[in-house]
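The values are calculated or read from the model by the stated rules, or taken from the named source; none is laboratory data. Keep in mind that what you see is a predicted model, and the values were worked out from it rather than measured. Using ideal geometry, Cβ is built from the backbone for each residue, glycine included, and neighbour counts are taken over all protein chains shown. Protein only, heavy atoms only, side chains kept; ligands, DNA and RNA dropped before computing areas. Shrake-Rupley method; radii C 1.70, N 1.55, O 1.52, S 1.80 Å.
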Amino acid sequence: MNYPERRRAGSITRSILSKQPRVLLFCPQDADGLTLLNQLQRIGCIVEMHWPPLQEVQSEVDLIFLAILPDVEEIDYDWLHRNPPPIISVSSFENPTIIDEALRIGVMGMLTAPIRATGLLSALIMALSHRWQHEKNTTRIARLESKFANFRIVEEAKTILMRMQEIGEDEAYELLRSEAMAQRLQVEDIARDLIHADKLMSKTLSGKTAKAKKKCTD
């Protein structure tokens, strides 16, 4: 699901609901499960109900409601290990075992029976909004890490040029930039090629030096 830019709380809620979130409801088909199904459909969600839970979850799913039974020991499904959609747990009562298990699998909200309409919409919106914010932050961090990695590559390439041609830092960068423009490539690509060539040259020279020393020794 693609989420909107943050403006005001109401606009985010309406935007999420307008997308008709795809929900997997992993609950027994008892009174609470059917109540939850009906309430989700009334909200406007596209819901599939299964019990026991499926082992595979499609990537198009936006949210999972998962029943945690009183006798639970350890929940383990394949989709839990593959960056699953946000999860809201459903249980008949609260105790440390159920809460600990919910925390272990990373739920973003908890509902307790008997299921009521009150609190369901807010739990759904909060879970989806938090996932949106998490994905946004993850993307931003990945972009910053890539930018920093490219910066280090360019700095290393500049150092090589400064050493080989006995020039200053600004001149070294200008050489990289001019070559990148000439080849219609990014500066980082030219820098990588230069670093790779320098390593090959160093390895070749080291090999020749070692052979020369061995010959002199013989």
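The table below lists the values:
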{"read-out": "The range 72-83 - residue that is closer than 21 Å to G33 by Cα and open to solvent by less than 30 Å² (accessible area, probe 1.4 Å) and, of those, farthest from the chain's Cα centre (by Cα)", "value": "V72"}
{"read-out": "Identity of the residue in the range 45-71, part of a loop (DSSP other than H, G, I, E, B) and touching a residue at least 40 places away in the same chain (Cβ under 8 Å), that ends up nearest to L34 (Cα to Cα)", "value": "C45"}
{"read-out": "The one condition in (1) open to solvent by 70 Å² or more (accessible area, probe 1.4 Å); (2) in contact with a Phe, Trp or Tyr (Cβ under 8 Å, 6 or more places away or on another chain) that K147 fails to fulfil", "value": "(2)"}
{"read-out": "Where a residue in the range 16-35 is closer than 19 Å to P70 by Cα and its partner, wherever it lies, is open to solvent by 80 Å² or more (accessible area, probe 1.4 Å) and assigned to a loop (DSSP other than H, G, I, E, B), with Cβ under 7 Å and at least six apart", "value": "F26/W51; C27/W51; P28/W51; Q29/W51"}
{"read-out": "Failed criterion for S11 (all others in (1) touching a Leu at 6+ places or on another chain (Cβ under 9 Å); (2) assigned to a helix (DSSP H, G or I); (3) exposed (fewer than 13 other Cβ atoms within 10 Å of the Cβ) hold)", "value": "(1)"}
{"read-out": "Selected residue (only one of V107, V90 is within 31 Å of the chain's Cα centre (by Cα), within 24 Å of H50 (Cβ to Cβ), β-branched (V, I, T) and not in a loop (DSSP other than H, G, I, E, B))", "value": "V90"}
{"read-out": "Residues of the range 110-142 satisfying the condition of being among the charged types (D, E, K, R) and farther than 25 Å from M49 by Cβ", "value": "E135, K136, R140"}
{"read-out": "Evaluation of R131 against (1) loosely packed, with under 15 Cβ neighbours inside 10 Å; (2) among the basic types (K, R); (3) assigned to a helix (DSSP H, G or I) (one fails), failing number", "value": "(1)"}
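Conditions (1) under 17 Å from L124 (Cβ atoms); (2) open to solvent by 70 Å² or more (accessible area, probe 1.4 Å); (3) among the basic types (K, R), marked per residue:
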| position | (1), (2), (3) |
| --- | --- |
| N38 | yes, yes, no |
| Q41 | yes, yes, no |
| C45 | yes, no, no |
| W51 | no, yes, no |
| I68 | no, no, no |
| I87 | yes, no, no |
| S92 | no, no, no |
| M110 | yes, yes, no |
